[in-house]
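Worksheet: the structure to be examined is printed underneath.
Where a number appears in this text, it was derived from the coordinates with a stated rule and is not lab data. Only a predicted model underlies this, so the values are computations on that prediction, with no experimental measurement involved. In this analysis, Cβ positions are derived from the backbone assuming ideal geometry, glycine residues included, and neighbour counts consider all displayed protein chains.
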Amino acid sequence: MDYNTTCAFTGHRPSKFSFGYDEEHPDCIRLKELMQQEIVFLMEHGVTTFISGMALGVDIWGAELVLAQKEKHPQIQLIAAIPCETQANKWSVEQRERYFDLLAQCDDTVYISNHYSPACMFLRNRWMVDHAKYLLAVYNGEKKGGAAYTVDYARKRHCHVIQINPEKQTIIPNLVVLQGNEEMEKAPKLSGHNGKTSEI
């Protein structure tokens, strides 16, 4: 795994979103489209490895979107960073089946801890940022929680953070350093419920 060509995911659990666990809701569908757009952008500019923390919500969606890209780009690698072996123990049967099916398709799985502890989630998030130059964050800007901690830690580490605001359906502008020391400014975009995209 090459730090310079690796991107990690972070984001909120479904309970934080207005649509909750309803993945058929138009806002959830649009959010996944924005994530896919950024994944493709990163791939086009040299990213070959993605790390998912495999939590419900954004982590799981990110893993599924990367696996969909692997069908056309088999060189892409998906790494699962698991906070503890019991991560999915309290999930529903359907959620656990989805989780273990994804794990079976990952190129590698890293277990941060054998057993749960209050710190294991944060240790997992730090491990992902420490191994990735880019962070794709579906994050509403709140100051507390796992996503907030991870984004703050990534910025302190000078990681390139691409932030998708799930409430406004916006992509926060970020200076992305491409391979060969070339630089490109990503334009901020706003997506309304009418499906149109416009420059801010």
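The separation of region 130-176 from region 41-74, counted between C-alpha centres, amounts to 16 Å. Per-residue ellipticity at 222 nm from helix content only, as computed over the chain with -39500 (n - 2.57) for each DSSP H run of at least four residues, stands at -10500 deg cm²/dmol.
Residue pairs exceeding 24 angstrom between C-alpha atoms, taken from Lys16/Lys168; Lys32/Lys72; Lys32/Lys168; Lys32/Lys156: Lys32/Lys156.
Within the listed set Val110, Val66, Val93, the residue fluctuating most in the Gaussian network model of the chain (springs between alpha-carbon atoms under 10 angstrom) is Val93. Per-residue packing, averaged as other Cβ atoms within 10 Å, sorts the ranges 70-81, 26-37 into the order 26-37, 70-81, beginning with the highest.
DSSP finds beta bridges in region 3-199, and of those with both partners inside it, around 30 percent are antiparallel.
Across Ser113, Ser15, Ser52, mean-square fluctuation computed from a Gaussian network of the chain (C-alpha pairs under 10 Å connected) peaks at Ser15. For Leu135, the residues whose amide H sits under 5 Å from its own are Ala8, His160, Val161, Ile162, ignoring neighbours fewer than 5 places away on the same chain, with H placed 1.01 Å from N.
Connecting C-alpha atoms closer than 10 Å in a GNM of the chain, tell me which of Thr170, Thr49, Thr86 has the biggest fluctuation. Of Thr170, Thr49, Thr86, the most mobile in the Gaussian network model is Thr86. For the chain, the membrane-span-like helices by this rule, meaning whole DSSP H stretches whose C-alpha atoms cover at least 24 Å of axis and whose Kyte-Doolittle mean is -0.5 or above, are 26-44; this says nothing about an actual membrane. Counting beta carbons within 10 Å around each of Cys7, Cys159 and listing the fewest first gives the order Cys159, Cys7.
Computed over the Cα atoms of the chain, pair by distinct pair, the Kirkwood hydrodynamic radius stands at 17.0 angstrom.
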